[in-house]
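Please read the structure below before turning to the comments.
Nothing in this text is a laboratory measurement; each read-out follows from the coordinates by a stated rule. Keep in mind it's a predicted model, so treat the numbers as computed, not measured. Every residue, glycine as well, gets a Cβ built from its backbone with ideal geometry; the counts of neighbours run over all protein chains shown.
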Amino acid sequence: MPATRALSHLAAGLLIAFTLVALSALYWAVVGPNTILRRSDNPRLVEAEASIVRGQIVDRSGVLLAVSERDANRRFPRRVYPHPETSPVTGYASQRYGVGGAEAAYNAILRGDTLPKDIWGELTNTLLHQPQHGSDIRLTLDMGVQETLAGALAGQAGAAVVLAVPSGAVLGLASAPTFDANTLDADWERLRADPGRPFFNRALQGSYQPGGAVQTPLLAAGLLDGQPLETEIAGATMPVNTAGAALTCALRLPELALTLREAYGFACPEPFRQLALDLGPRSVQAAFDMFHFGQPPSLAGFEFQAVSGTDTLEITDDNLEEMALGQGDMVVTPLEMAVMAAAIVNDGNAPQPYLLVETRAPGAAHWEPVQQVRPTTPYATAATARQLQDLMRSAVARGAAINAARPGLDIGGHAALAFSGESTQAWFVGFATLPGLRGVAVAVVLENSRDPGLAADIGGQALAAAHRALTGGE
Amino acid sequence: MAVRGLSPIKSRADAQGSSMALLLLVLAGLFLAVNAVALMLVRPALGLRPLVYLSVWAVCAAAGHRWLEHRLPGRDPLLFPIGMFLSGWGLLVIGRLIPTFAERQALWLAVSAVALMLAAGFAHGVQWLRRYRYLILVFGLSVLAATILLGRNPSGMIGAPALWLGAGALFVQPAEALKILLVAFSASYLAEQYSVLSVEEVKSGRMFSPRVAGPVLLMWGLSVIILVWQRDLGTAGLFFIVFLLLVYIATGFLWILAGGALLGVMAVFAAYHLFTVVELRVDIWLNPWAEADGRAYQIVQSLQAFAAGGVFGQGIGQGSPAYVPVAHSDFIFAAVGEEWGLLGVIVVVVALAVLSLRGLRAALRFPPRSFRSLLAAGLSLLLAVQSLMIMGGVLKLLPLTGVTLPFFSYGGSSLLASFVALGLLIRLSAGED
């Protein structure tokens with residue numbers, strides 16, 4: 001019966017074919033997860049990424065700065081920033097454009113990658129397709145201080161940093177112009193093309209000539225050298241010409257003789273040029289090294305954003321004048337200047353700035369402090385630091401930094417001008433002492449500004465806000 | 001022998017078969033009910049829709065079972081439950097992927113169930129297929145010609161294969177009906193012409209006579225026409241393979257298969273160089289990874305769906321099979337792979353294998369080379385080869401051919417054709433005309 005035989009051959013053939021289909025399904029089901037599923041074009045990876053419920057970011061008193069919201073109409077959680085004025089710190093988390101700021105610095109914590117793996121939990125999450133939940137983080141940031149900085153810098157280009165002393169906690173960090181992380185995806189192209197560079201974090205990355213702000217370490221060197229503070233120097237208010245620009249005092253003053261204390265208060269360049277020439281390159285070099293000029297501090301977690309260490313400044317007879325004027329190759333970051341102010345109010349010991357206070361695992365009731373040892377760095381002796389505090393108080397009381405003064409607060413500071421090419425920057429570096437605490441330190445820089453008074457005013461606002469935040473009232 | 005006019009007396013074997021059929025249908029119903037409830041829990045937005053699909057299915061299953069019990073107590077008890085099981089599962093997958101399509105599919109399921117009952121229940125249906133074979137052939141070919149001349153694509157896309165005839169909301173794919181008509185014609189032609197073929201004739205070298213080789217060449221030509229004018233690689237391949245296998249059954253000549261395979265390879269080779277669609281299918285079969293974002297997107301997504309499903313699957317409504325373009329139609333097997341995993345895939349493969357083999361077994365109830373034997377074999381092979389082509393295609397075992405997975409895929413014409421074929425098979429499995 002050939003037909004019957006043919007039928008049984010065919011039946012066997014079909015059976016083999018169906019078995020082959022089952023075997024290739026077995027192959028992809030077993031081998032696939034470790035091969036083709038790992039391909040970057042697997043949309044499931046993007047989906048898994050998008051469905052992660054990132055942890056919240058809150059400020060030091062619990063104000064919500066970033067939260068992943070879920071509702072029934074959306075497949076994936078939406079990252080919301082209730083206070084977009086914190087964007088320079090909180091940054092952004094976008095499916096399309098990745099992460100930035102604290103969202104990038106603490107990405108692993110916020111995503112939940114650092115959580116201990118629990119096998120049973122993993123299994124149920126996988127079976128029920130529960131999205132990954134990340135831990136909440138609490139930052140040192142204070143919404144009151146941050147709002148003050150953001151409001152004061154609105155419409156400006158510049159940056160400001162406020163540090164708590166002695167801890168180094170970053171109470172406020174603003175950079176302007178900035179972006180709104182809530183509308184990042186829609187604004188991305190415009191922001192990228194914006195000549196104001198809103199993504200550029202000026203407080204951490206901006207390299208500015210310090211100009212007159214360099215007078216503080218010079219003065220420290222002068223104090224060590226025993227230079228007289230109260231002897232009048234003729235022609236102290238004369239402008240100094242360097243590299244085509246005429247450097248002046250922070251305020252326009254008639255030709256006057258000033259003491260070194262007064263010259264510091266008005267940030268006049270000429271007496272400091274003379275001081276540097278008196279001290280010589282080695283002493284100036286030693287002063288700058290003591291204050292770690294040219295070695296910008298990094299904010300823990302934001303290291304990748306820090307300015308790559310500028311070559312250590314070597315001061316010679318040739319560049320001594322330029323360096324003493326804070327011009328030329330000498331650049332500093334606003335954070336660096338805030339740390340310097342913190343060192344002065346902290347009796348010469350510079351704290352390390354930090355942002356992350358504690359974390360809270362998803363569903364947990366308690367916060368876990370982030371274990372960190374943050375040794376201070378000596379910048380000056382306690383005696384020198386106290387003398388500098390006193391000189392800075394004079395500058396606020398009777399100098400260019402007078403706008404920083406706030407009734408009832410003990411504030412010291414130094415307002416100065418710097419030139420970079422065609423444009424001018426206004427600096428304010430200062431501190432306020434607090435009852436029971438060392439104090440707070442601030443650095444403000446305004447681009448394209450010839451108004452150190454405005455920088456001092458912003459500094460005063462920031463110090464007052466920080467005072468309110470840390471003393472809890474008034 | 002059942003006496004006409006009296007209700008058939010049930011034998012013991014029939015009674016066993018009947019309770020087995022009922023048991024299988026109840027098990028299928030339970031499986032579908034569990035999945036429908038799970039789907040409603042996972043996708044609250046679907047509301048009670050899964051229960052509506054389930055109810056339509058249950059009515060079809062109950063009505064079909066009672067009708068077959070009444071008309072064909074001696075039928076193969078596995079065929080109807082397996083067909084219902086697969087179509088119910090398919091309905092749920094479609095309802096999970098594109099809810100609006102599932103409503104239409106549920107309607108088509110009801111129509112198909114009625115068609116199955118008619119095909120299985122009425123005497124003489126099978127004989128008509130034999131008696132009017134030339135009429136059927138002419139009708140089938142004119143429908144094919146009409147599709148070539150007037151065919152459209154319901155999606156309205158320019159350049160999409162125009163395999164549909166129709167207007168307004170109703171479109172049918174004539175190739176689906178043509179498949180059954182051509183199998184019926186071939187079975188009756190071969191039964192008539194080859195039954196007298198003897199071993200001596202073959203040995204005397206007359207095997208290349210037009211009577212033997214002619215129909216093979218004719219069928220090959222027809223397949224080539226479909227390929228050239230319709231760019232329908234799947235249907236062309238399916239026609240040709242099923243016909244070759246039928247000729248093999250009718251003759252027992254292995255050289256028919258070898259020669260046919262040679263003709264098929266020649267056609268594919270030529271088509272590879274002539275038609276971009278064939279070139280594309282072969283290229284992405286050989287190496288899809290290089291063009292994962294482009295031409296091979298669909299097959300890469302399909303394989304990733306199987307991989308994502310793993311062994312146990314993601315669970316209904318919990319995977320992402322919608323990343324596979326047309327997952328509800330040709331690629332529905334990938335959706336099963338992602339959400340039911342390897343286990344679900346094996347269940348589908350086993351169900352289709354059992355269906356095909358039980359269909360082939362029905363062919364043994366009749367004298368070899370008889371029309372009914374060849375018809376039963378042809379219909380079984382139609383379902384089996386079509387299933388293997390698309391399952392092998394979405395698993396990259398074979399080049400992709402755009403055919404549906406019988407009973408499972410979205411598509412009214414496809415479902416109707418599968419149910420009519422199943423109805424005829426059920427009738428033949430009972431040993432009836």
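Observations
- Sequence-separation-based contact order of chain A, relative, with Cα cut under 8 Å and 6+ spacing, percent: 16 percent
- Chain A - mean residue ellipticity at 222 nm from DSSP helices (-39,500 (n - 2.57) per run, n ≥ 4, rounded to 500): -11500 deg cm²/dmol
- With a Förster radius of 35 Å applied to the beta-carbon distance between A:ASN448 and A:ASP185, the computed FRET efficiency rounds to 0.70.
- Which of B:SER409, B:SER387 has the fewest Cβ neighbours within 10 Å, and the rest in rising order: B:SER409, B:SER387
- Between A:ASP225 and A:ARG96, the FRET efficiency from the beta-carbon distance, with R0 = 60 Å, is close to 0.55.
- DSSP assigns beta bridges within the range A:49-139; of those with both partners inside it, close to 75 percent run antiparallel.
- In this simple spin-label approximation, B:ALA62 and B:TYR132 carry label points 7 Å from Cα along the Cα→Cβ vector, and these lie 3.5 nm apart.
- Every helix of 4 or more DSSP H residues in chain B counts as -39500 (n - 2.57), and over all residues that averages to -24000 deg cm²/dmol at 222 nm.
- The range B:12-121 gives an Rg/Rh value of 1.01, both radii derived from C-alpha positions and Rh following Kirkwood.
- The ellipsoid equivalent to the alpha-carbon distribution of the range A:38-77 has semi-axes of 28, 13, 5 angstrom, derived from the gyration tensor eigenvalues as √(5λ) and listed largest first.
- Alpha-carbon centroid distance for the pair the range A:156-221 / the range A:440-463, whole angstrom: 12 Å
- Cβ crowding within 10 Å, taken as a proxy for footprinting-reagent exposure, orders B:PHE269, B:PHE185, B:PHE407 from fewest neighbours to most as B:PHE269, B:PHE185, B:PHE407.
- Taken over the alpha carbons of the range A:329-474 as equal point scatterers, the Debye sum produces base-10 log I(q)/I(0) values at 0.11, 0.21 Å⁻¹ of -0.47, -1.28.
- Once both labels are positioned 7 Å from their Cα atoms along Cα-to-Cβ, the gap between A:ASP317 and A:HIS129 label points is 7.9 nm.
- Distance (nanometres) between label positions extended 7 Å along Cα→Cβ at A:ILE119 and B:SER55: 4.7 nm
- Gaussian network model of chain B, springs between alpha carbon atoms under 10 Å - residue of B:ALA334, B:ALA63, B:ALA184 with greatest fluctuation: B:ALA63
- Of the trypsin sites (Lys or Arg not before Pro) in the range A:212-279, the ones in a loop by DSSP (not H, G, I, E or B) with at most 14 other beta carbons within 10 Å are A:ARG252.
- Binning all Cα-Cα separations of the protein assembly as shown at 10 Å, short to long from zero, yields these whole-percent fractions: 2, 11, 16, 15, 10, 8, 8, 8, 8, 6, 4, 2, 1, 0.
- Looking at chain A, the pairs of alpha carbons with a distance over 38 Å make up 35% of the total.
- Over chain B, all Cα pairs binned in 10 Å intervals from 0 give whole-percent P(r) values of 4, 21, 31, 27, 13, 3, 0, 0, listed from short to long.
- Normalised radius of gyration (Cα atoms, divided by 2.2 N^0.38 Å) for the range A:49-139: 1.10.
- Kyte-Doolittle mean at least 0.0 and Cα axial length at least 30 Å: DSSP H helices in chain A: A:2-31
- Shielding by partners - mean other protein chain Cβ count within 10 Å, residues of B:116-127: 0
- Amide H contacts of A:GLY158 (H built 1.01 Å from N, under 5 Å, at least 5 apart or other chain): A:ALA176, A:GLU447
- In whole percents, the pair-distance distribution calculated for the range B:242-298 from its alpha-carbon pairs, binned every 10 Å from zero, is 22, 32, 26, 17, 3.
- Long-range tail of P(r) for the range B:284-433 (Cα pairs > 18 Å, %): 60 percent
- Taking 0.36 nm per residue of separation and subtracting the current Cα-Cα distance, fully stretching the chain between B:ALA15 and B:ALA258 would add 83.1 nm.
- Taking other C-beta atoms within 10 Å as the exposure proxy, A:THR35, B:THR404 rank A:THR35, B:THR404 from fewest upward.
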